[in-house]
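Visitor: Sharing a structure, written as structure tokens. Questions coming.
The values are calculated or read from the model by the stated rules, or taken from the named source; none is laboratory data. The structure presented is a predicted model; accordingly, all values stated were derived computationally and were not measured. So basically every Cβ, Gly included, is an ideal-geometry build from the backbone, and we count neighbours across all protein chains shown. We work out accessible area using only protein heavy atoms, side chains counted, and drop any ligands, DNA or RNA first. Shrake-Rupley method; radii C 1.70, N 1.55, O 1.52, S 1.80 Å.
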Amino acid sequence: MQIDLIKGHGSGNDFLIIDELKNDYSFSDSDRADLARLLCNRYSDLGADGILFVMKSDHADGRMRVFNADGSEASMCGNGLRLVARYVCEHHGLNKAVIETMKANLQISKQQDIFQDVHTYQVEISPVLFELKALPLNLNKPTLFNERIVKLSEELRFTALAVPNPHLIAMVETDQLQIDLQQRLSEKVNRPNELFPDGVNVSFVKPLKAGSIYVRTYERGVGFTNACGTAMSASSLVTCLTGLNEFEKVIDVYNNGGRVQCVVHKCEGTYSIDLIGNATYLYKASIMVNLDEFSFRLESRNDFSEQQIYERLQSESQQIIENAIKG
């Protein structure tokens, strides 16, 4: 089977985009999981954090399904949604569109460049759920906001929420970023455990200055990533709820892959987040896949020039992180 794809990234969180809008691929869910495990392998000719399947929708401009590198399906991916937003907008000749995801139909739009000549899109992150059963998190309480989980850490305070991916957020100091605490904790809750039966994304958040934060995320099904869009959105919401940042104000969110902006909205007790950032294409490729043999061959690859431009944003962001976090 021949498959054409585009590799791209949002904040360094990289994905393979497979277009089912104009191509007559016929994938079962088992095929999608196998493709993710096969193509996303970092030791292969491609490698990625996951695959974005861009599909037709009966009631939106397009549909997104996300499969992580381990073959699991994610209910949402903010960085991936920006890539899908760009792909769908360019495919249909639109500046605004609606993308169907597993849990909700989400508004997306093309935006002014976040950095000169960097393709930029805004995507809606919702719904936001605080009920622990939505993650799920097995604690004898309905919600968890800025509280300790003794089984995980005696020093950290956590907030749990789903957007709709499950997230565990901790505000930390610099020294807590410099040790292996996050890795140990994240691996614990993403192996078989009593607290998080389905695993969870774990983010450490360090405030930098008013309106600016640094977020590092261990992503369920992936491991440490350059960035996780829903994690940065959830983290921004938590900083607003704790009074560190303000609702309806732009928050600069720095990550190891660059920088995005978030705006947190509150309306009648419900929340949503606008996630604004790059949608950068790396290359087009054509591959020949044999799933029966669990193998593929790279037939052709044509690079875009967008990464060279994005690296200027990334370099500036890394300098700010270096100065603020690593001293």
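Visitor: Could you tell me which of the pairs Lys103/Lys133; Lys151/Lys188; Lys96/Lys249; Lys209/Lys249; Lys206/Lys249 are separated by over 20 angstrom between their Cα atoms in the structure shown?
Guide: Working: Lys103/Lys133 15 Å; Lys151/Lys188 10 Å; Lys96/Lys249 22 Å; Lys209/Lys249 14 Å; Lys206/Lys249 18 Å.
Exceeds cut-off: Lys96/Lys249.
Visitor: For the Cα atoms of the chain, what angle does the longest principal axis make with the long axis of helix 306-321, in degrees from 0 to 90, nearest 10?
Guide: It works out to around 10 degrees.
Visitor: A further question follows. When the Karplus curve 6.51 cos²θ - 1.76 cosθ + 1.60 is applied with θ = phi - 60°, which whole-Hz ³J(HN,Hα) does each residue of segment 137-152 get, with x for Gly and Pro?
Guide: 10, 8, 10, 7, 6, x, 9, 9, 10, 6, 10, 7, 10, 4, 5, 9
Visitor: Next up: Could you run the Karplus curve 6.51 cos²θ - 1.76 cosθ + 1.60 with θ = phi - 60° over segment 198-206 and give me ³J(HN,Hα) per residue in whole Hz, x for Gly and Pro?
Guide: Rounded to whole hertz, the list is 9, x, 6, 7, 10, 10, 9, 10, 10.
Visitor: Also, quick follow-up: Can you compute 3J(HN,Hα) from phi for each residue in segment 154-171, using the Karplus curve 6.51 cos²θ - 1.76 cosθ + 1.60 with θ = phi - 60°, rounded to whole Hz and x for Gly and Pro?
Guide: 8, 9, 7, 10, 10, 10, 10, 7, 10, 9, x, 4, x, 9, 10, 10, 10, 7
Visitor: What whole number of Å gives the distance from the Cα centroid of segment 124-144 to the Cα centroid of segment 1-48?
Guide: A separation of 30 Å, based on Cα centres.
Visitor: Normalised radius of gyration for the chain, please: alpha carbon Rg relative to 2.2 N^0.38 Å, two decimal places. Can you show the working numbers first?
Guide: Working: Rg = 19.0 Å, N = 327, 2.2 N^0.38 = 19.9 Å.
The chain yields a ratio of 0.95.
Visitor: 5 Å is the cut-off here: which amide hydrogens, built 1.01 Å from N in the peptide plane, fall below it relative to Leu244, excluding neighbours closer than 5 in sequence?
Guide: Answer set, sorted by chain and number: none.
Visitor: If His92, His119 are ordered by their accessible area, calculated over protein heavy atoms with a 1.4 Å probe, which sequence runs from highest to lowest?
Guide: Values: His92 85, His119 55 Å².
If we order His92, His119 from most to least accessible, we get His92, His119.
Visitor: Can you list residues whose amide H is under 5 Å from Thr225's amide H, if they're 5+ apart or on another chain and H is modeled 1.01 Å from N?
Guide: Thr217, Glu219
Visitor: Shifting gears a bit: Ordered by packing density, taken as the mean number of other Cβ atoms within 10 Å over each peptide's residues, highest first, how do 211-218, 140-147, 180-187 rank? Walk me through the numbers before you get to the answer.
Guide: On the way: 211-218: 22.9, 140-147: 12.6, 180-187: 15.6.
Highest-to-lowest ranking by the protection proxy: 211-218, 180-187, 140-147.
Visitor: In whole percent, how big is the carbon plus sulfur part of the accessible area of the chain, probe 1.4 Å, protein atoms only?
Guide: Numbers: 6080 of 14170 Å².
Looking at the chain in its full context, I get 43 percent from C and S.
Visitor: Oh, and also: Which loop GluC sites (Glu not before Pro) in segment 280-327, with loop taken from DSSP, have no more than 10 other Cβ atoms within 10 angstrom of their Cβ? Show your work: numbers first, answer last.
Guide: On the way: sites: Glu293, Glu299, Glu306, Glu311, Glu316, Glu322; in loops: Glu293.
Within segment 280-327, the qualifying GluC sites (Glu not before Pro) (loop, at most 10 other Cβ atoms within 10 Å) are Glu293.
Visitor: Among the lysines, select those whose C-alpha is under 21 Å from the C-alpha of Lys7, and discard any that sit fewer than 8 residues away in the same chain.
Guide: Lys22, Lys56, Lys110, Lys284
Visitor: Can you give me the accessible area per residue for segment 209-258, using a 1.4 Å probe, in Å²? Spell out each step's value before the answer.
Guide: Numbers: 1580 Å² over 50 residues.
Accessible surface, normalised per residue, equals 32 Å².
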